[in-house]
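Some notes on the structure that comes next.
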Amino acid sequence: MTVAALARLTDLARRERNRTPSGVVPLPLLVGAVGVAGLAALTGSLAELAQGRQTATELGGSAVLLAAAILAERFPVPLGVGAGGVSLAAVFIVGAGYLYGWVPAVVVGCLTRGVFEVLQRRRFDRIVYNTATYGLAAGAAGLAAWIGPHTSDWRDLIANVLLGSTAFYVTNVVLIAAVIATASRQRINAVLDETVRKTVSVFGIMFTVSLMLDVLWQRSPVLSAALLGPLLALALYQRSSTRERAAMELAHTDSLTALGNARAFQAELESLLHGADETGTPVSLCVLDLDEFKEINDRHGHPAGDRILTVVADSLRTEGQAFRLGGDEFALLLPGVDEEEAFDIGSRAIKRIAHGRAADAPAATVSAGVATYPGHELERSQLVRAADRALYAAKASGRNAVRTFAPGVIESAERRTAAQADRRARLNAASCLARTIEARDAYTSDHSDAVADLAARLALELELSPEEAELMRLAGRVHDLGKVAIAEDVLCKPGPLSGDERRTIETHSEIGFRMLSSLGIEPVAVWVRHHHERWDGTGYPNGLAGEEIPIGSRILAVADAYEAMTSDRVYQDGMPEDDALAELARCANTQFDPGVVDALFALVCADAMTARESSPILR
């Protein structure tokens, strides 16, 4: 019997390099040794045939068995989807060995494999090795089959056929495993173990059919020919069945990661849940989602994203049944696993993914949610939803984490997530309002952007939190929002303003406050309302003084004044930076918070130092 599925793996020989690990036979030496042994066996067989000791009946019978072997070799029986096939040509090769001895068996074996190797235009070393393997296995089968007495006793027949079949199988498997192990640099024991596990059932078929062949042949060679039809039918049926299974697997497999897809997940989940109802065995589900995957795709490109998805898939194969549900979402089905163990499995998966790295792609993290059925009074249909809710809780808690489903905790996290989403929506609405200012005129747009950046930097300099600094940036962009209600001829008047015009201008902070307060984005609205208050209490709209003025408003006042003084306007040119700082220093403790002015001085000095260090002329 030839192991065609494993014989084709000798293509791994192409990966062999000049360097060979110590203790391992070089591949050319192995191929050469087996090839020489096979050539010697074939030469000996041909020489024996040349002496004319075989009768015409024996030669004719050998020719019939050769034709049958070639036909069986043409249609190997598939082992499974993607696993190649096993040829039942060995049935006729072992039959030739039992009926006529090792001489015709070697010739039948060499010609059976050699014909196909040549017709398929294999490499010379592969032709030599595979043909020699068949020849040596056939010779071993013929010699072993003739060890015992050839009598009419059925026990002798079984013993001899069993010996021949075993000799062919062992010789073939050992030689094939040897070349695979050598070419791929694996341990031969591991390769032998895998080979035997895949082919031992076919060995049983080979022995049984070989026994039938020999019994029928001794009765009448014509009757034995009837075996060829069922063998071919078996091979063709198995090939058709394998193609159908392959098509079914393809329909249930994600093409990028080779994991099961959403359809396969639903089918397997339903089966496991049904089993859980019958046996009470728990089923846990871990749903995983890549963090900020859209940003990764946008920044690094979709090929990098695909490589990351592949890394994630590989990280999930080690535990449970892994599926890609679509996009950046994965799932692990964990039959027989309780909630605590499922949490541990999810945690390990997250760590593996965080430590994994795709080529030419950034590191990625995932968040995961775990739910178990039966548990927490869940219905079967609620398991996926429960795991999704736990996943959202993990996202809300800062990502790169795993959470288990617990109704009270999850509901709290969901409320927190909803509140965050609502706040983001309100902030986005405020940003849209800011763009209405930018569309008004170029100066207002540039001024607002400059105030926003400076206000955010001042906030950090004053040790406000990063979140507060971002709110300061937004406040800087919308601090003049109320000016959209001011007539353009007043807003852009090049000369001095009249009293009424000044009072009209001063309403813009109140107008901006009302527009922003409707969005509920405190404290931004309050900061905008009071950014024209003065440290000495003489500002507007409420005459607040000192630390009564919100810190955000005090920061906006300094940032607004500094950018206004240093920027060119329709009615005046911007003043030098040093003059603007001097003016702010003069007005500290009256118009401006002295602490904020000091922070501005520190920023300007730091910027000047950085510019000096980076300039090749000034260094």
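The values are calculated or read from the model by the stated rules, or taken from the named source; none is laboratory data. These figures come from a predicted structure and were not determined experimentally. Positions of Cβ are generated from backbone atoms using ideal geometry, with glycine treated the same way; all protein chains shown enter the neighbour counts.
Residue check: is Leu325 under 18 Å from Asp306 (Cα atoms) and either assigned to a strand (DSSP E or B) or free of Cβ contacts under 8 Å to residues at least 60 places away in the same chain (or both)?
On the way: under 18 Å from Asp306 (Cα atoms): yes; either assigned to a strand (DSSP E or B) or free of Cβ contacts under 8 Å to residues at least 60 places away in the same chain (or both): yes.
Taking the combined requirement at face value, the residue satisfies it.
The set of residues from the stretch 447-468 being among the hydroxyl-bearing types (Ser, Thr, Tyr) and either in a helix (DSSP H, G or I) or surrounded by 18 or more Cβ atoms within 10 Å (Cβ to Cβ) (or both) comprises just one member, Ser448.
Among residues of the stretch 563-584 that are farther than 18 Å from Arg457 by Cα, those with a beta-carbon under 9 Å from a residue that is at pLDDT below 90 and among the aromatic types (Phe, Trp, Tyr) at least six positions away or on a different chain give the pairs Ser567/Tyr443; Asp568/Tyr443; Arg569/Tyr443; Val570/Tyr443.
When the residues of the stretch 469-487 are filtered to those that are part of a helix (DSSP H, G or I), of a type in the set (D, E, K, R) and surrounded by 17 or more Cβ atoms within 10 Å (Cβ to Cβ), the one that is farthest from the chain's Cα centre (by Cα) is Lys483.
Please work out if Ala599 is among the small types (Gly, Ala, Ser), farther than 24 Å from Glu468 by Cα and either in the same structural domain as Ala452 (by TED's automatic domain parsing) or in contact with an Asp or Glu (Cβ under 8 Å, 6 or more places away or on another chain) (or both). No: the conditions fail for Ala599.
Every residue in the stretch 103-121 that is within 39 Å of the chain's Cα centre (by Cα) and surrounded by 19 or more Cβ atoms within 10 Å (Cβ to Cβ), please.
Matches in the stretch 103-121: Glu117 only.
Out of Glu583, Glu510, Glu501, Glu533, report the one residue that is part of a loop (DSSP other than H, G, I, E, B), touching a helix residue (DSSP H, G or I) at 6+ places or on another chain (Cβ under 9 Å) and either not aliphatic (A, V, I, L, M) or not assigned by TED's automatic domain parsing to the domain that holds Ala452 (or both). Spell out the reasoning first.
On the way: Glu583 fails: part of a loop (DSSP other than H, G, I, E, B); Glu510 fails: part of a loop (DSSP other than H, G, I, E, B); Glu501 fails: part of a loop (DSSP other than H, G, I, E, B).
Criteria check complete, one pass: Glu533.
Answer yes or no: is there a residue in the stretch 376-386 that is assigned to a helix (DSSP H, G or I), surrounded by fewer than 23 Cβ atoms within 10 Å (Cβ to Cβ) and either touching a helix residue (DSSP H, G or I) at 6+ places or on another chain (Cβ under 6 Å) or not assigned by TED's automatic domain parsing to the domain that holds Leu290 (or both). Looking through the stretch 376-386, at least one residue is assigned to a helix (DSSP H, G or I), surrounded by fewer than 23 Cβ atoms within 10 Å (Cβ to Cβ) and either touching a helix residue (DSSP H, G or I) at 6+ places or on another chain (Cβ under 6 Å) or not assigned by TED's automatic domain parsing to the domain that holds Leu290 (or both).
Would you pick out the residues in the stretch 586-600 that are surrounded by 13 or more Cβ atoms within 10 Å (Cβ to Cβ) and part of a helix (DSSP H, G or I)?
Kept after step one, since they are surrounded by 13 or more Cβ atoms within 10 Å (Cβ to Cβ), are these residues of the stretch 586-600: 587-589, 591-600.
If the condition is that a residue be surrounded by 13 or more Cβ atoms within 10 Å (Cβ to Cβ) and part of a helix (DSSP H, G or I), then Cys587, Pro594, Gly595, Val596, Val597, Asp598, Ala599, Leu600 are the ones that fit.
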